[in-house]
Amino acid sequence: MTPTGRVGRAVVVGTLAAALAACGSGGDGGEPTNGLDELPAEQIERRAAEAAHEARSVQLSGTVLTDGRSYRLDVRLTAEGAVGEVATEGTTFELLRIGEDLYLRASAEFWESEGIPAELESDPTEKLDGKYVRVPPEDPAYGELSGFTEKNAVLDLLLSLGVGERETGGEDEVEGHRTIRVQADGGRGGAMDVSLTGRPYPLRLERAGGAGELIMTDWNEEFTLNPPPEDDIVDYGDDVITGGDDGGDG
């Protein structure tokens, strides 16, 4: 092939590649969008909530401020339960829930600061340090702790923007995904960045009033929750294992 032929072929191939890349692309010449950029803010918010609830799982991390207390979350939530860490006021603990079985794992320092029942006070470090302690449903803390592990309950709480007119903001990128922003009351009521490609999953949430920011990834990925090894479980049956004044001396 002559040099002229090579040049001509390169021009044709280059032109064809550019044309194919442009076909079906979004308005900015990039990856095709899922159409959210053509919808009003209220519909984007609704579709994001629907996609989130239909997903089998999600990885959620960030900070939540509520009732004057700050929580740092790093939790994988599924329809069957959850696993992850919660940190608050200088203490960190791990939660694992599979169905109705809820386990709490923490250091001896955590248990000593929380207070433990008399039958465990002989050697809390040996008995509880790093162990998965089964939290019985009768324990007053069961409802509060399990609340961090209920996927749809957590999403209902966190994905609700505050009061105020909804409007769309600019486009951005979260964890490598193009997003479009929905905000309430000019952002004062919170803001949500929703994926512009694939399923319209919410990927970042800024809570109203500066009450925390969360990143949501690994939507709908297959994930299996495994129970702890038997040797690592401490089970006291229906005995209340958390400290605090419950109105009695039981």
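The values are calculated or read from the model by the stated rules, or taken from the named source; none is laboratory data. As the structure is a computational prediction, the values presented were derived from the model and not from experiment. For neighbour counting, all protein chains shown are included, and Cβ atoms are generated from backbone atoms with ideal geometry for every residue, glycine included. Areas reflect the complete protein model, heavy atoms only, side chains present, ligands, DNA and RNA absent. Shrake-Rupley method; radii C 1.70, N 1.55, O 1.52, S 1.80 Å.
Hand me the list of strands (runs of 3 or more DSSP E) wholly inside the stretch 166-229 holding 2 or more residues that are closer than 19 Å to LEU155 by Cβ and in contact with a helix residue (DSSP H, G or I) (Cβ under 9 Å, 6 or more places away or on another chain).
Here the list reads 177-184, 191-195, 202-206, 212-217.
Within the stretch 96-125, no residue that is under 25 Å from LEU77 (Cα atoms) and modelled with pLDDT under 75 sits with its Cβ atom under 6 Å from a residue that is open to solvent by 70 Å² or more (accessible area, probe 1.4 Å) and of a type in the set (A, V, I, L, M) at 6+ positions apart or across chains. Of everything listed in (1) hydrophobic (A, V, I, L, M, F, W, C); (2) surrounded by fewer than 20 Cβ atoms within 10 Å (Cβ to Cβ); (3) within 17 Å of the chain's Cα centre (by Cα); (4) outside any strand (DSSP E or B), the single unmet condition for ALA52 is (2). Of the numbered criteria (1) within 29 Å of LEU203 (Cβ to Cβ); (2) in contact with a Pro (Cβ under 7 Å, 6 or more places away or on another chain); (3) modelled with pLDDT under 95; (4) open to solvent by 60 Å² or more (accessible area, probe 1.4 Å), the one SER25 fails is (4).
For the stretch 165-184, does any single residue satisfy the condition of being closer than 14 Å to ALA49 by Cα and open to solvent by less than 20 Å² (accessible area, probe 1.4 Å)? Taking every residue of the stretch 165-184 in turn, at least one turns out to be closer than 14 Å to ALA49 by Cα and open to solvent by less than 20 Å² (accessible area, probe 1.4 Å). Considering only the stretch 185-229, state which residues are of a type in the set (D, E, K, R), free of Cβ contacts under 8 Å to residues at least 40 places away in the same chain and open to solvent by 30 Å² or more (accessible area, probe 1.4 Å). ASP185, ARG188, ARG204, GLU206 - these are the residues of the stretch 185-229 that are of a type in the set (D, E, K, R), free of Cβ contacts under 8 Å to residues at least 40 places away in the same chain and open to solvent by 30 Å² or more (accessible area, probe 1.4 Å). In this structure, does GLU85 turn out to be outside any loop (DSSP other than H, G, I, E, B), of a type outside the set (A, V, I, L, M, F, W, C) and within 18 Å of TYR201 (Cβ to Cβ)? For GLU85, the condition - outside any loop (DSSP other than H, G, I, E, B), of a type outside the set (A, V, I, L, M, F, W, C) and within 18 Å of TYR201 (Cβ to Cβ) - is not met.
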